[in-house]
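Asks: Below: one structure in structure tokens.
The values are calculated or read from the model by the stated rules, or taken from the named source; none is laboratory data. Predicted, not measured: the structure shown is a model, and the values here were computed from it. As a convention, Cβ positions derive from the backbone with ideal geometry for all residues, glycine included, and neighbour counts pool all protein chains shown. Just the protein is used for accessible areas: all its heavy atoms, side chains included, with ligands, DNA and RNA removed. Shrake-Rupley method; radii C 1.70, N 1.55, O 1.52, S 1.80 Å.
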Amino acid sequence: PGYTYITCYYGDGGHRGIDIAGGGIYGKPIVAADGGKVIYSDWMDSYGYCVFIDHGNGVCTRYAHCSVMKVSKGQTVKQGQVIALVGNTGNVSPAPTPANPHAGAHLHFEVWINGTRVNPAPYLP
């Protein structure tokens, strides 16, 4: 979403993705890392609203804690296409409150290779 502040790295305390945050990030567009088919776009427990894209050749990406979904399951997306907006749904810290409804906003980003989550850092520019 145009932010580079990583608040939690892959492997930190069992964390299996990276969290990208920053002031004013709530509501910013999340774009597809690559083209592919949306295989999930809905609520998923602690991830809140999330999008899962199958890019083919065993590569998938997940984008979690979204505030607004912009794609549906079964849809084909292009690299750079807006798929959701950054939010704070699911388990985030700090939790949103009436006084601070955008607290905890960030993008949780995962890369999966052949069904196993891997460190996303090498796949980022």
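Asks: Across the range 108-125, in residue order, what do the Karplus-derived ³J(HN,Hα) couplings come to in whole Hz, using 6.51 cos²θ - 1.76 cosθ + 1.60 with θ = phi - 60° and x for Gly and Pro?
Replies: Per-residue couplings from phi come out as 8, 10, 10, 10, 10, 10, 6, x, 10, 5, 10, 4, x, 3, x, 9, 9, x Hz.
Asks: Under 1.5 on a/c is rounded, so check that first for the range 71-119, then, if it is not, pick prolate when a/b is larger than b/c and oblate when it is not; a ≥ b ≥ c are the square roots of the alpha carbon gyration tensor eigenvalues.
Replies: oblate
Asks: Further, regarding this structure: Using θ = phi - 60° and the Karplus form 6.51 cos²θ - 1.76 cosθ + 1.60, what ³J(HN,Hα) does each residue of the range 25-34 get, whole Hz, x for Gly and Pro?
Replies: 6, 4, x, 6, x, 9, 10, 5, 5, 7
Asks: Tell me, what ³J(HN,Hα) does each residue in the range 88-98 have, in order and in whole Hz, if you take phi through Karplus 6.51 cos²θ - 1.76 cosθ + 1.60 with θ = phi - 60° and put x for Gly and Pro?
Replies: Each residue of the range 88-98 in turn: 9, 7, x, 8, 10, 9, x, 6, x, 10, x Hz.
Asks: Please tell me the relative contact order of the range 43-82 in percent, rounded to the nearest whole number, where contacts are Cα pairs under 8 Å and at least six residues apart.
Replies: 32 percent
Asks: Just want to confirm a number: the relative contact order over the chain, from Cα pairs under 8 angstrom separated by 6+ residues, in percent.
Replies: About 28 percent, as a whole number.
Asks: Any chance you could look up the accessible area of residue 97 with a 1.4 Å probe, heavy atoms only, rounded to 10 Å²?
Replies: About 60 Å², ignoring ligands and nucleic acids.
Asks: Please work out, to two decimal places, the log10 of the ratio I(q)/I(0) at q = 0.19, 0.21 Å⁻¹ from a Debye calculation in which every Cα of the chain carries one identical scatterer.
Replies: Each listed q corresponds, in turn, to -1.01, -1.25.
Asks: Lys/Arg Cβ at +1, Asp/Glu Cβ at -1, dipole of the chain taken about the Cα centre: which of 69, 44, 21 is farthest positive-ward?
Replies: Selected residue: 69.
Asks: For the range 52-95, report the accessible area per residue in Å² (1.4 Å probe, heavy atoms, rounded to an integer).
Replies: Value returned for the range 52-95: 47 Å² of accessible area per residue.
Asks: Also: Based on Cβ point charges of +1 for Lys and Arg and -1 for Asp and Glu, what charge dipole magnitude is obtained for the chain about its Cα centre, in debye rounded to the nearest 20?
Replies: Dipole magnitude for the chain comes out near 240 debye.
Asks: Give, as a single signed number, the net charge of other residues whose beta carbon lies under 12 Å from the beta carbon of residue 54, with Lys and Arg counted +1 and Asp and Glu -1.
Replies: Around residue 54, the charge tally is +2.
Asks: Using a 1.4 Å probe over the heavy atoms of the protein chains, calculate the carbon and sulfur portion of the accessible area of the chain as a whole percent.
Replies: 52 percent
Asks: Between residue 103 and residues 5 or more places away or on another chain, which pairs have amide H atoms under 5 Å apart, with H built 1.01 Å from N, and which residues are they?
Replies: Placed amide hydrogens put 97 under 5 Å from residue 103.
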